[in-house]
Amino acid sequence: QVQLVESGGGLVQAGDSLRLSCAASGRIHSSSSLGWFRQAPGEEREFVAAIRWGVGTTYYADAVKGRFTISKSTAENTSELQMTSLKPEETAVYYCAVNRNGLDTTPALYQYWGQGTQVTVSS
(Lines give C-alpha, C1' and ligand atoms only; values in the text may rest on other atoms or scores of the structure.)
Protein backbone atom coordinates (compact mmCIF):
# COMPACT_ATOMS: atom_id res chain seq x y z
CA GLN A 1 0.00 0.00 0.00
CA VAL A 2 1.29 3.44 -0.94
CA GLN A 3 -0.12 6.69 0.36
CA LEU A 4 0.62 9.93 -1.44
CA VAL A 5 0.37 13.53 -0.32
CA GLU A 6 0.80 16.47 -2.68
CA SER A 7 1.79 19.96 -1.65
CA GLY A 8 2.99 23.22 -3.15
CA GLY A 9 -0.06 24.37 -5.05
CA GLY A 10 -1.20 27.95 -4.99
CA LEU A 11 -2.17 31.06 -6.92
CA VAL A 12 0.37 32.39 -9.40
CA GLN A 13 0.38 34.71 -12.37
CA ALA A 14 0.83 33.67 -15.97
CA GLY A 15 4.50 33.14 -16.71
CA ASP A 16 5.37 32.31 -13.11
CA SER A 17 6.92 29.12 -11.82
CA LEU A 18 5.71 26.71 -9.15
CA ARG A 19 7.10 23.54 -7.63
CA LEU A 20 4.82 20.74 -6.53
CA SER A 21 5.89 17.98 -4.18
CA CYS A 22 4.59 14.47 -3.65
CA ALA A 23 5.49 12.60 -0.49
CA ALA A 24 4.96 8.85 -0.44
CA SER A 25 4.60 6.51 2.49
CA GLY A 26 5.06 2.83 1.85
CA ARG A 27 7.50 1.21 -0.53
CA ILE A 28 7.53 2.15 -4.18
CA HIS A 29 9.04 -0.72 -6.09
CA SER A 30 11.74 0.00 -8.64
CA SER A 31 9.51 -1.31 -11.43
CA SER A 32 6.84 1.24 -10.58
CA SER A 33 6.39 4.69 -12.02
CA LEU A 34 5.17 7.89 -10.44
CA GLY A 35 3.03 10.16 -12.54
CA TRP A 36 1.64 13.66 -12.28
CA PHE A 37 -1.81 14.37 -13.64
CA ARG A 38 -4.11 17.36 -13.62
CA GLN A 39 -7.83 17.88 -13.80
CA ALA A 40 -9.59 21.14 -14.56
CA PRO A 41 -13.27 21.65 -13.67
CA GLY A 42 -15.50 19.80 -16.09
CA GLU A 43 -12.55 18.16 -17.79
CA GLU A 44 -11.09 14.68 -17.72
CA ARG A 45 -7.95 13.97 -15.77
CA GLU A 46 -4.96 14.32 -18.05
CA PHE A 47 -1.40 13.09 -17.97
CA VAL A 48 1.33 15.63 -17.31
CA ALA A 49 4.57 13.76 -16.61
CA ALA A 50 5.89 10.49 -15.23
CA ILE A 51 9.13 8.99 -14.01
CA ARG A 52 10.24 5.40 -13.67
CA TRP A 53 11.04 4.89 -10.02
CA GLY A 54 14.04 2.64 -10.52
CA VAL A 55 15.97 4.05 -13.48
CA GLY A 56 14.56 7.58 -13.51
CA THR A 57 13.41 7.64 -17.14
CA THR A 58 11.02 10.52 -17.65
CA TYR A 59 8.13 11.15 -20.02
CA TYR A 60 6.15 14.32 -20.60
CA ALA A 61 2.93 15.37 -22.25
CA ASP A 62 3.63 17.44 -25.35
CA ALA A 63 1.90 20.44 -23.78
CA VAL A 64 4.45 20.70 -20.98
CA LYS A 65 7.68 19.58 -22.64
CA GLY A 66 10.46 22.05 -22.08
CA ARG A 67 8.56 23.83 -19.28
CA PHE A 68 7.92 21.16 -16.65
CA THR A 69 10.49 18.91 -15.02
CA ILE A 70 9.70 15.80 -12.99
CA SER A 71 12.21 14.46 -10.52
CA LYS A 72 12.37 11.95 -7.69
CA SER A 73 14.30 11.12 -4.59
CA THR A 74 14.28 7.41 -3.97
CA ALA A 75 15.92 7.88 -0.60
CA GLU A 76 13.29 10.35 0.57
CA ASN A 77 10.41 8.69 -1.28
CA THR A 78 9.41 11.97 -2.86
CA SER A 79 8.81 13.44 -6.27
CA GLU A 80 8.73 17.02 -7.46
CA LEU A 81 7.17 18.67 -10.46
CA GLN A 82 8.88 21.93 -11.34
CA MET A 83 6.59 24.03 -13.52
CA THR A 84 7.71 27.13 -15.38
CA SER A 85 6.04 29.58 -17.75
CA LEU A 86 2.64 28.62 -16.40
CA LYS A 87 -0.44 29.44 -18.45
CA PRO A 88 -3.97 30.25 -17.26
CA GLU A 89 -5.32 27.17 -19.03
CA GLU A 90 -3.13 25.05 -16.75
CA THR A 91 -5.31 25.93 -13.79
CA ALA A 92 -6.31 22.57 -12.33
CA VAL A 93 -6.01 20.22 -9.42
CA TYR A 94 -2.69 18.43 -9.74
CA TYR A 95 -2.36 14.84 -8.56
CA CYS A 96 0.51 12.45 -8.13
CA ALA A 97 -0.08 8.74 -8.58
CA VAL A 98 1.83 5.47 -8.58
CA ASN A 99 1.56 2.69 -11.12
CA ARG A 100 3.02 -0.60 -9.90
CA ASN A 101 3.28 -1.96 -13.43
CA GLY A 102 5.47 0.57 -15.16
CA LEU A 103 5.18 3.90 -16.91
CA ASP A 104 1.92 4.82 -18.61
CA THR A 105 -0.06 7.92 -19.45
CA THR A 106 -3.49 6.43 -18.70
CA PRO A 107 -4.89 7.48 -15.31
CA ALA A 108 -6.90 4.28 -14.91
CA LEU A 109 -3.68 2.25 -14.83
CA TYR A 110 -2.44 3.98 -11.68
CA GLN A 111 -3.39 2.25 -8.44
CA TYR A 112 -2.52 4.86 -5.83
CA TRP A 113 -3.48 8.52 -5.82
CA GLY A 114 -2.97 11.55 -3.65
CA GLN A 115 -5.72 13.97 -2.75
CA GLY A 116 -4.49 16.65 -5.14
CA THR A 117 -3.26 20.21 -4.82
CA GLN A 118 -4.88 23.22 -6.49
CA VAL A 119 -2.88 25.28 -8.93
CA THR A 120 -4.48 28.50 -10.14
CA VAL A 121 -2.81 30.58 -12.83
CA SER A 122 -4.20 34.07 -13.26
CA SER A 123 -3.89 36.03 -16.50
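For residues that are in a loop (DSSP other than H, G, I, E, B) and in contact with a helix residue (DSSP H, G or I) (Cβ under 9 Å, 6 or more places away or on another chain), tally how many sit in region 91-117.
First pass over region 91-117, keeping only residues in a loop (DSSP other than H, G, I, E, B): 91, 100-106, 110-111, 114-116.
Subset that is in contact with a helix residue (DSSP H, G or I) (Cβ under 9 Å, 6 or more places away or on another chain): 101-102.
Residues flagged as in a loop (DSSP other than H, G, I, E, B) and in contact with a helix residue (DSSP H, G or I) (Cβ under 9 Å, 6 or more places away or on another chain) within region 91-117 amount to 2.
Taking the stated definitions as given, is R38 of a type in the set (K, R) and either over 11 Å from the mean Cα position of the chain (by Cα) or open to solvent by less than 10 Å² (accessible area, probe 1.4 Å) (or both)?
Taking the combined requirement at face value, the residue does not satisfy it.
For (1) open to solvent by less than 30 Å² (accessible area, probe 1.4 Å); (2) aliphatic (A, V, I, L, M); (3) in contact (Cβ under 8 Å) with a residue 60 or more places away in the chain, each residue gets a yes or a no:
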{"site": "C22", "(1), (2), (3)": "yes, no, yes"}
{"site": "S25", "(1), (2), (3)": "no, no, no"}
{"site": "G42", "(1), (2), (3)": "no, no, no"}
{"site": "V55", "(1), (2), (3)": "no, yes, no"}
{"site": "F68", "(1), (2), (3)": "yes, no, no"}
{"site": "A75", "(1), (2), (3)": "no, yes, no"}
{"site": "L109", "(1), (2), (3)": "no, yes, no"}
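Residue by residue, here is whether (1) modelled with pLDDT of 95 or more; (2) over 24 Å from Q1 (Cβ atoms); (3) under 11 Å from the mean Cα position of the chain (by Cα) holds:
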site: G15; (1), (2), (3): yes, yes, no
site: G54; (1), (2), (3): no, no, no
site: Y60; (1), (2), (3): yes, yes, yes
site: L86; (1), (2), (3): yes, yes, no
site: A108; (1), (2), (3): yes, no, no
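Would you mind stating whether Y94 is within 22 Å of E43 (Cα to Cα), without any contact (Cβ under 8 Å) to a residue 24 or more places away in the chain and either within 12 Å of the chain's Cα centre (by Cα) or surrounded by 21 or more Cβ atoms within 10 Å (Cβ to Cβ) (or both)?
no
The values are calculated or read from the model by the stated rules, or taken from the named source; none is laboratory data. All values reported here derive from a predicted model rather than from experimental measurement. With ideal geometry, Cβ positions are generated from the backbone for all residues, glycine too; neighbour counts draw on all protein chains shown. We work out accessible area using only protein heavy atoms, side chains counted, and drop any ligands, DNA or RNA first. Shrake-Rupley method; radii C 1.70, N 1.55, O 1.52, S 1.80 Å.
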